[in-house]
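Structure record follows, encoded as structure tokens.
The values are calculated or read from the model by the stated rules, or taken from the named source; none is laboratory data. Because the structure is predicted, anything quoted here is derived from the model rather than measured. Positions of Cβ are backbone-derived with ideal geometry, glycine not excepted, and every protein chain shown enters the neighbour counts. The area values use the complete protein model at the heavy-atom level, side chains included, leaving out ligands, DNA and RNA. Shrake-Rupley method; radii C 1.70, N 1.55, O 1.52, S 1.80 Å.
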Amino acid sequence: MLSKFPYLKQDFLASIVVFLVAVPLCVGVAVASGVPAELGLITGIVGGIVTGMMRGSSLQVSGPAAGLTVLVFEAVSEFGVGTLGVIVLFAGLLQLAMGFLGIGRWFRAISVSVVEGMLCGIGLVIIAGQIYAAAGLKAPDSGLGKIAGLPGAFTDAFGSTRALTSLAIGAGTIAVIVLWKRVPKAVRTVPGALAAVVLATVATLVFGLPVATVQVEGLLGVVQPPGSEAFGELASPALWGTIIAFALIASAESLFSAAAVDRLHNGPRTEYNKEMIAQGAGNTLCGLLGALPMTAVIVRSSANVSAGARTKASRVLHGVWLLLFAAAMPWALALIPIPALAGILVHAGWKLIPFRQITALWRAHRGEALILVVTAVSIVAVNMFEGVLIGLALSVVKTAWEASHGRLEVIDKGAGPIQVYLAGNATFLRLPKIMDSLEALPQDRPVELNLSGLQHLDHACRTALENWAERHSATGTEPVKVTETEASPESEKVTAA
């Protein structure tokens with residue numbers, strides 16, 4: 001038996017650690033998403049047992065992620081909990097299709113600045129929203145509203161003993177998580193988030209603190225497969241926009257997590273298309289159960305690797321422990337204070353903000369840093385999906401601009417024709433600068449236009465250069481002499497008048 005599972009001891013111990021990390025995160029993400037806490041556990045169970053058994057990335061662990069909290073909350077607010085299953089189901093089917101079509105590996109080409117900006121924007125919205133939850137106050141719907149309303153929220157909290165008590169529980173939870181790394185190593189075998197929740201729960205019970213706790217409905221009571229009315233919502237274009245956003249963002253987060261986890265161990269590398277299929281299968285099942293969407297979660301995955309996991313058995317076992325916990329101890333959930341979960345998510349949101357990356361990018365690649373900041377601000381100001389689209393559009397424009405880099409040199413020796421050299425790539429993005437230089441040349445002097453250094457000349461530039469050559473030649477001087485490029489076949493040719 002042991003010969004078939006040579007790493008059973010390591011994987012068993014690692015699964016316990018991951019389970020302890022997963023419990024407060026599953027519950028916290030569900031509550032922050034506006035759905036019953038049990039739905040977060042269901043997603044964690046599916047992510048552990050179903051996705052965990054499939055091929056792809058052997059050591060990364062899947063479950064409900066803080067990175068999708070904002071998007072899920074917006075979807076539930078707009079379409080209702082009943083339609084969430086349809087959204088997750090079709091997002092999973094879309095992931096399956098992308099995996100089978102071999103698109104999974106292309107997610108590695110997404111600009112890191114866009115992904116970091118996405119995480120930064122999500123982190124800011126999570127922090128702002130969970131501060132309200134920690135104080136027991138209702139948060140505004142929009143990300144911008146959450147941030148703008150914080151001063152008023154603190155004013156209201158300081159005027160209420162109940163709100164101050166709740167806020168203190170949340171702040172204490174964050175303090176325990178932050179300071180947990182300083183406790184003795186033997187004690188640190190218990191994850192800081194779990195220790196913080198246990199301490200907050202004990203304090204609430206012992207002192208009878210007036211704070212809200214998690215509402216429990218039972219595992220089977222919250223499983224609601226999508227009905228016919230929910231499928232009828234598929235006629236809405238807005239719903240399809242949300243489905244696409246779920247699929248793309250969950251896929252990007254999972255595959256970037258896989259790349260990060262691969263750097264943490266020396267085991268088998270991630271097979272990206274198979275990992276996409278595994279994520280799609282898990283989300284399809286979560287959708288059929290009416291649960292939260294899943295992604296690979298870097299917090300659990302890094303805990304899995306750090307705890308000594310060697311095979312996928314650790315993540316499967318963590319799903320089994322979640323199932324046993326949800327079935328045997330649902331009453332324990334009802335004891336957990338909501339501000340404690342809010343504190344966990346504030347800390348998770350803070351870790352999503354890439355402070356070091358922003359500083360490094362600003363020093364080396366300010367254009368990339370600008371894309372990161374604009375993506376984050378757009379997510380806060382508008383919403384998740386449109387913010388990411390804005391970031392991707394900026395990234396494409398920046399790449400096109402850099403790819404169109406060209407050099408124009410004018411040599412005028414005072415006698416004879418003026419020499420104009422164009423080199424590099426001449427595209428429509430550089431056209432205004434090129435035409436400004438050409439139109440500033442004296443009209444009564446002959447011009448020789450040398451294009452032999454061009455690697456690419458697009459149609460817009462070709463047409464503009466022809467028109468300029470025709471106008472310049474019509475002034476009565478010698479016709480513009482053009483030395484053509486011998487670049488690639490797709491480059492356009494310029495004919496002199």
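Once the chain from Thr475 to Ser452 is taken as fully extended at 0.36 nm per residue, the excess over their C-alpha distance is 5.7 nm. When you filter the GluC sites (Glu not before Pro) in the range 396-477 for DSSP loop state and at most 14 other Cβ atoms inside 10 Å of their Cβ, nothing is left.
The spread of Cα positions in the range 1-102, taken along each principal axis and listed from longest to shortest, comes to 53, 36, 19 Å. Relative to the globular-protein estimate of 2.2 N^0.38 Å, the Cα radius of gyration of the range 73-219 stands at 1.36.
Among the listed pairs Lys398/Lys433; Lys181/Lys351; Lys9/Lys351, which have their C-alpha atoms separated by more than 25 angstrom in this model?
Long pairs (Cα-Cα over 25 Å): Lys9/Lys351.
Among Trp240, Val216, Val176, which residue has its Cα furthest toward the positive end of the charge dipole of the range 129-280, with +1 on Lys/Arg Cβ and -1 on Asp/Glu Cβ? Positive-most Cα among the choices belongs to Val176.
Taken about its Cα centre, the chain carries a charge dipole of roughly 2240 debye when the Cβ of each Lys and Arg holds +1 and the Cβ of each Asp and Glu holds -1. Computed from backbone phi with θ = phi - 60° and the Karplus coefficients 6.51, -1.76 and 1.60, the 3J(HN,Hα) list for the range 66-72 is 4, x, 9, 4, 5, 5, 5 Hz; x is used for glycine and proline. Taking amide hydrogens as placed 1.01 Å from N in the peptide plane, the amide H of Gly406 sits under 5 Å from those of Asn425, each at least 5 positions away in sequence or on another chain. If the Kirkwood radius is taken over C-alpha pairs of the range 351-488, then at 20 °C and 1.002 mPa s the Stokes-Einstein diffusion coefficient equals 121 µm²/s. Fully extending the segment from Ala235 to Ala212, taken as 0.36 nm per residue of separation minus the present Cα-Cα distance, adds 4.5 nm. The relative contact order of the range 167-298 comes to 22 percent, based on Cα pairs under 8 Å that sit 6 or more residues apart. Give me the Debye-computed log₁₀ of I(q)/I(0) at q = 0.24, 0.27, 0.30 Å⁻¹ for the range 362-404, equal point scatterers on Cα only, no solvent, two decimals. At q = 0.24, 0.27, 0.30 Å⁻¹ the computed log10 ratios are -0.77, -0.88, -0.97. The alpha-carbon of Lys138 sits under 18 angstrom from the alpha-carbons of these lysines, leaving out residues fewer than 8 places away in its chain: Lys146. Ranking Asp11, Asp436 from most to least accessible surface, computed with a 1.4 Å probe over the protein chains only, gives Asp436, Asp11.
For the pair Phe12 and Gln419 in one chain, pulling the backbone fully straight at 0.36 nm per residue adds 139.0 nm over the alpha carbon distance.
Contact order normalised by length for the chain, with contacts defined as Cα pairs under 8 Å and 6 or more residues apart; what percent is it?
27 percent
Note on the chain: dipole from Cβ charges, positive end direction compared against Ser257, Tyr421, His472; the farthest Cα belongs to Ser257. With the convex hull drawn around the C-alpha atoms of the chain, the volume per residue stands at 199 Å³.
Residues whose amide H falls under 5 Å from that of Gly56, counting only those 5 or more places apart or on a different chain, are Glu271, with hydrogens built in the peptide plane.
At a Förster distance of 35 Å, what's the computed FRET efficiency of Ala259 paired with Leu370, Cβ-Cβ distance as r, to 0.05?
Step by step, r from the Cβ atoms, then E = 0.90.
When the P(r) of the range 313-360 is calculated, the portion above 14 Å amounts to 70% of the C-alpha pairs.
Most simply put, the chain has about 45% antiparallel DSSP beta bridges, counting only bridges with both residues inside it. Across the range 75-85, rounded Karplus estimates of 3J(HN,Hα) from the backbone phi angles (6.51 cos²θ - 1.76 cosθ + 1.60, θ = phi - 60°) give 5, 5, 5, 7, 10, x, 5, x, 8, 4, x Hz, Gly and Pro being marked x. Take every pair of alpha-carbon atoms less than 8 Å apart whose residues are at least six positions apart; their mean separation over the length of the range 73-227 yields a relative contact order of 22 percent. Distant-in-sequence amide contacts of Leu454, defined by a placed amide H-H separation under 5 Å and a gap of 5 or more residues or a different chain, comprise Gly424.
Given DSSP loops and a limit of at most 16 other Cβ atoms within 10 Å, what is the longest stretch of the chain that contains no such trypsin sites (Lys or Arg not before Pro)?
270-412
Calculated FRET efficiency, Val202 to Trp106, Cβ-Cβ distance, R0 = 45 Å: about 0.40 to the nearest 0.05.
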